[in-house]
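Notes follow the structure.
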Amino acid sequence: GTCVPNYPPYCFIENDRTVGLPSEPSTEFEFPGPKLPGWNQENILPELIRRAVRYVEDAAQSKKPFFLYFPLTSPHHPVVPTPEFRGKSGAGDYGDFVVQTDWTAGAVLQALDRAGVATNTLVIFTSDNGPWLTQGEAGGSAGPLREGKGSTWEGGMREPAIAWWPGRVR
């Protein structure tokens with residue numbers, strides 16, 4: 001994963017170590033800091049999905065139960081849809097990034113299906129907080145709930161969730 005894609009160090013983190021040494025100074029991102037040589041934020045989501053799919057395929061071969069925690073960096077700032085998703089939503093870059101996020105979740109479900117473990121796997125898809133609200137905005141995508149991201153009110157703490165388990169969860 002990454003610590004957070006919009007804060008340094010700009011690199012991948014695997015277990016408790018950076019993957020490579022973030023040794024180049026970065027000024028092209030919102031928050032300056034060290035980055036891995038050649039770091040490109042557009043590549044984060046594709047690399048995470050490659051690793052998640054590979055993990056599912058490998059873990060399913062062992063026939064033992066497995067757990068995958070797959071926190072996405074999207075659709076979050078920085079909004080960086082890859083070329084194959086640009087223009088797909090008709091709702092600008094953010095909409096295209098949401099489409100890419102949807103495709104990414106679908107790729108994990110397809111990997112579970114190909115590996116033959118979909119009917120024996122519970123998938124939970126959720127957010128980490130409520131919506132980001134602009135200064136003074138009321139409601140917004142939080143609907144009737146008070147406040148949003150960064151708040152302890154319902155709009156910041158209650159978030160959508162989807163449970164998927166073929167044959168078990170409707």
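Kindly work out what percent of the DSSP beta bridges joining two residues of the chain are antiparallel, to the nearest 5. If you can, show how the numbers build up before the last one.
On the way: 9 of 10 bridges.
Around 90 percent of the beta bridges assigned by DSSP in the chain are antiparallel ones.
For Y94, Y69, what's the largest-to-smallest order of accessible area, 1.4 Å probe?
Values: Y94 120, Y69 165 Å².
Solvent-accessible surface, decreasing: Y69, Y94.
Would you list F29, F66, F97 from the most to the least accessible area, probe 1.4 Å?
Values: F29 30, F66 65, F97 5 Å².
Largest accessible area first, the residues go F66, F29, F97.
Loop sites only, by DSSP: take the GluC sites (Glu not before Pro) in the chain that have at most 16 other C-beta atoms within 10 Å and name the longest stretch containing none of them.
Result, exposed sites excluded: 31-136.
What are the trypsin sites (Lys or Arg not before Pro) within region 10-66 that DSSP puts in a loop, where the Cβ has at most 13 other Cβ atoms within 10 Å? Before the final figure, lay out the partial values.
Numbers: sites: R17, K35, R50, R51, R54, K63; in loops: K63.
Answer in residue order: K63.
Sort I124, I13 by heavy-atom solvent-accessible area, probe 1.4 angstrom, most to least. Don't skip to the answer; put the middle values down first.
Working: I124 115, I13 55 Å².
Heavy-atom accessible area, descending, gives I124, I13.
To the nearest 20 debye, what is the magnitude of the charge dipole of the chain about its Cα centre, counting +1 on the Cβ of each Lys and Arg and -1 on the Cβ of each Asp and Glu?
Roughly 680 debye for the chain.
By how many nm would the segment from D93 to F125 lengthen if fully extended, with 0.36 nm per residue of separation less the alpha-carbon distance? It would help to have the intermediate numbers written out before the result.
Numbers: separation 32, 0.36 × 32 = 11.52 nm, distance 2.22 nm.
Gain on extension, D93 to F125, equals 9.3 nm.
In cubic angstrom, how much convex hull volume per residue do the alpha carbon atoms of the chain span? Kindly include the intermediate steps, with their values, before the conclusion.
Working: hull volume 27.1 nm³, N = 170.
Once divided by residue count, the hull of the chain is 159 Å³.
If I build a Gaussian network model for the chain, linking alpha-carbon pairs within less than 10 angstrom, which residue out of Q110, Q61, Q100 has the largest mean-square fluctuation?
Q61
Mind giving me the FRET efficiency for H76 and R114? R0 is 22 Å, r the Cβ-Cβ distance, nearest 0.05 is fine.
Details: r = 28 Å, r/R0 = 1.27.
Working from the Cβ atoms, E equals 0.20.
Choose one answer from T121, T82, T27: the residue with the largest mean-square fluctuation in a GNM of the chain with alpha-carbon springs under 10 Å.
Answer for the Gaussian network model of the chain: T27.
With a 1.4 Å probe and every protein chain left in place, work out the accessible area per residue of the chain in Å², rounded to a whole number.
66 Å²
Does region 89-129 come out rounded, prolate or oblate by the C-alpha gyration tensor, with a ≥ b ≥ c the root eigenvalues, rounded set by a/c under 1.5 and, if not, prolate when a/b is larger than b/c and oblate if not? Intermediate results must be reported in sequence, preceding the final value.
Working: a/c = 5.04, a/b = 1.95, b/c = 2.58.
Taking the square roots of the gyration eigenvalues as a ≥ b ≥ c, region 89-129 is oblate.
Given the options V19, V80, V108, which has the most mean-square fluctuation in a GNM of the chain, springs set between C-alpha atoms less than 10 angstrom apart?
Highest fluctuation among the options: V19.
At 20 °C and 1.002 mPa s, what whole-number value in µm²/s does Stokes-Einstein give for the translational diffusion of region 16-103, with Rh from the Kirkwood sum over Cα pairs? Numbers along the way, then the final one.
On the way: Rh = 15.1 Å.
It diffuses with D of about 142 µm²/s by this estimate.
Using the alpha carbons of region 93-170, what is the convex hull volume per residue in cubic angstrom, as a whole number?
Spread over its residues, the Cα hull of region 93-170 gives 107 Å³ apiece.
If you keep only loop residues by DSSP, which trypsin sites (Lys or Arg not before Pro) in region 80-123 have at most 16 other Cβ atoms within 10 Å of their Cβ?
Answer by residue number: R86, K88.
Full extension from F67 to N40: what is 0.36 nm times the residue separation minus their Cα-Cα distance, to one decimal in nm? Please report the intermediate quantities before stating the final value.
Working: separation 27, 0.36 × 27 = 9.72 nm, distance 2.85 nm.
Difference between extended and current length: 6.9 nm.
The values are calculated or read from the model by the stated rules, or taken from the named source; none is laboratory data. From a predicted model like this one, the values you see are computed outputs, not experimental measurements. So basically every Cβ, Gly included, is an ideal-geometry build from the backbone, and we count neighbours across all protein chains shown. Heads up: the accessible areas ignore ligands, DNA and RNA and are worked out on the full protein's heavy atoms, side chains in. Shrake-Rupley method; radii C 1.70, N 1.55, O 1.52, S 1.80 Å.
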